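Remarks on the structure that follows.
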Amino acid sequence: MESKANVQTRATMKYQKKVGIIAKSFKIKKELADNFKIACEKAGVSQASQISRMMQQFIDSVSDSDTEKQQ
């Protein structure tokens, strides 16, 4: 009999694959990471959601910049 944790882990992995969630790993300075964690806690947001939001804003700003250059 499989443990409940193992079943849950597989279900989570299946869901993440379905919706296109991947793990990213990168190195940053500890002080920056610690301060970011504290800021996210103060704001009541998860670190992943805030990083995703900032990444999308950056993508949008670069895309807008490219559109302006083409005109």
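No lab work stands behind these numbers, since they all come straight from the coordinates. Given the structure is predicted, the values throughout are model-derived calculations rather than measurements. Neighbour counts are summed over all protein chains in view; Cβ atoms, including those assigned to glycine, are modelled from backbone coordinates with ideal geometry.
Miscellaneous remarks
Residue-by-condition table, conditions (1) exposed (fewer than 10 other Cβ atoms within 10 Å of the Cβ); (2) aromatic (Phe, Trp, Tyr); (3) within 16 Å of the chain's Cα centre (by Cα):
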residue: Lys4; (1), (2), (3): yes, no, no
residue: Ile21; (1), (2), (3): no, no, yes
residue: Asp34; (1), (2), (3): no, no, no
residue: Lys42; (1), (2), (3): yes, no, no
residue: Ser52; (1), (2), (3): no, no, yes
residue: Gln56; (1), (2), (3): no, no, yes
residue: Ile59; (1), (2), (3): no, no, yes
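- Scope the stretch 1-32; condition part of a loop (DSSP other than H, G, I, E, B) and within 15 Å of Ile51 (Cβ to Cβ); matching residues: Ile21, Ile22, Ala23, Lys24, Ser25, Phe26, Lys27, Ile28
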